[in-house]
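Structure first, then comments.
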Amino acid sequence: PCPQAIQAAGRAGDPAAYSALVPSLDDLLTAAVSPPEGGEALYVAVYDPGRGQVVVAPSRVLPEADDRSRQLWLIPADGRPRSAGLLQRGSGASAIALPANLRQLAAEGASIAVSSEPLGGSPDGQPTTVLGAGALPQAAE
């Protein structure tokens, strides 16, 4: 939901309006995206299966070259990475709506990865330099 919708629900003083806009925390799937060599998480990814949206936020300021892009990947049980989109440049969070074909794979328990790619994204549809990855838990039925 957009901030304006949340603010409007608050002005209306209707708690039910909030619950329609904000998912239950129990429904969210969270992954810590850590470097391949281990260590502190670089990103936190939160997937909302009800909305089909993943929000990725850096856990600290990460340097980013002007000629590179950060790309989000979904890696289901078959091990084949699928691009979920590019992260916004800068140090803020990125919200990405997953395409319908990736939503079911995410709900079945998959990994999330972030890679560094040439500006504009992976040239061949596969991750180039993986910065980190983390497992999403399987969604409750």
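May I ask you to list the residues in the stretch 118-141 that are assigned to a loop (DSSP other than H, G, I, E, B), modelled with pLDDT of 90 or more and open to solvent by 20 Å² or more (accessible area, probe 1.4 Å)?
Step one: of the stretch 118-141, the residues assigned to a loop (DSSP other than H, G, I, E, B) are 119-128, 136-141.
Those left that are additionally modelled with pLDDT of 90 or more: 119-128.
Hits for the stretch 118-141 are 119, 120, 122, 123, 124, 125, 126, 127, 128.
Restricting to the stretch 48-93, what's the tally of residues that are aromatic (Phe, Trp, Tyr) and modelled with pLDDT under 95? Walk me through how you get there before you give the answer.
Of the residues in the stretch 48-93, the ones aromatic (Phe, Trp, Tyr) are 73.
When the remaining residues are screened for being modelled with pLDDT under 95, the result is none.
Adding up the residues that qualify gives 0.
Just to be sure I understand, how many residues within the stretch 101-117 are open to solvent by 50 Å² or more (accessible area, probe 1.4 Å) and either in a loop (DSSP other than H, G, I, E, B) or modelled with pLDDT of 95 or more (or both)?
First pass over the stretch 101-117, keeping only residues open to solvent by 50 Å² or more (accessible area, probe 1.4 Å): 101, 103-104, 108.
If we keep only those that are either in a loop (DSSP other than H, G, I, E, B) or modelled with pLDDT of 95 or more (or both) as well, we get 108.
Number satisfying all stated conditions: 1.
Might you check whether a residue that is open to solvent by 60 Å² or more (accessible area, probe 1.4 Å), under 15 Å from residue 113 (Cα atoms) and in a loop (DSSP other than H, G, I, E, B) occurs anywhere in the stretch 40-62?
yes
Taking interchain pairs and intrachain pairs at least six residues apart, which have beta carbon atoms under 9 angstrom, with the first residue in the stretch 99-128 and free of Cβ contacts under 8 Å to residues at least 24 places away in the same chain and the second charged (D, E, K, R) and surrounded by 14 or more Cβ atoms within 10 Å (Cβ to Cβ)?
Pairs that qualify, where the first residue is free of Cβ contacts under 8 Å to residues at least 24 places away in the same chain and the partner is charged (D, E, K, R) and surrounded by 14 or more Cβ atoms within 10 Å (Cβ to Cβ), are 99/82; 101/82; 123/117; 128/117.
What do you reckon, is residue 68 basic (Lys, Arg) and over 15 Å from the mean Cα position of the chain (by Cα)?
Numbers: basic (Lys, Arg): yes; over 15 Å from the mean Cα position of the chain (by Cα): yes.
Against the criterion (basic (Lys, Arg) and over 15 Å from the mean Cα position of the chain (by Cα)), residue 68 qualifies.
Name the residue that is least open to solvent (accessible area, probe 1.4 Å), counting only residues in the stretch 72-100 that are out of contact with any Pro (no Cβ under 7 Å at 6 or more places or on another chain) and polar (S, T, N, Q).
We begin by selecting, within the stretch 72-100, every residue out of contact with any Pro (no Cβ under 7 Å at 6 or more places or on another chain); these are 72, 74, 76-80, 82-90, 92-100.
Retained after the next criterion (residues that are polar (S, T, N, Q)): 83, 88, 94.
On the way: 83: 54, 88: 113, 94: 4 Å².
Residue satisfying both the conditions and the ranking: 94.
The values are calculated or read from the model by the stated rules, or taken from the named source; none is laboratory data. If you're wondering where the values come from, they're calculated on a predicted model, not measured in any experiment. Every residue, glycine among them, receives a Cβ derived from its backbone with ideal geometry; neighbour counts consider all protein chains shown. These accessible areas exclude ligands, DNA and RNA; they are computed on the full protein's heavy atoms, side chains included. Shrake-Rupley method; radii C 1.70, N 1.55, O 1.52, S 1.80 Å.
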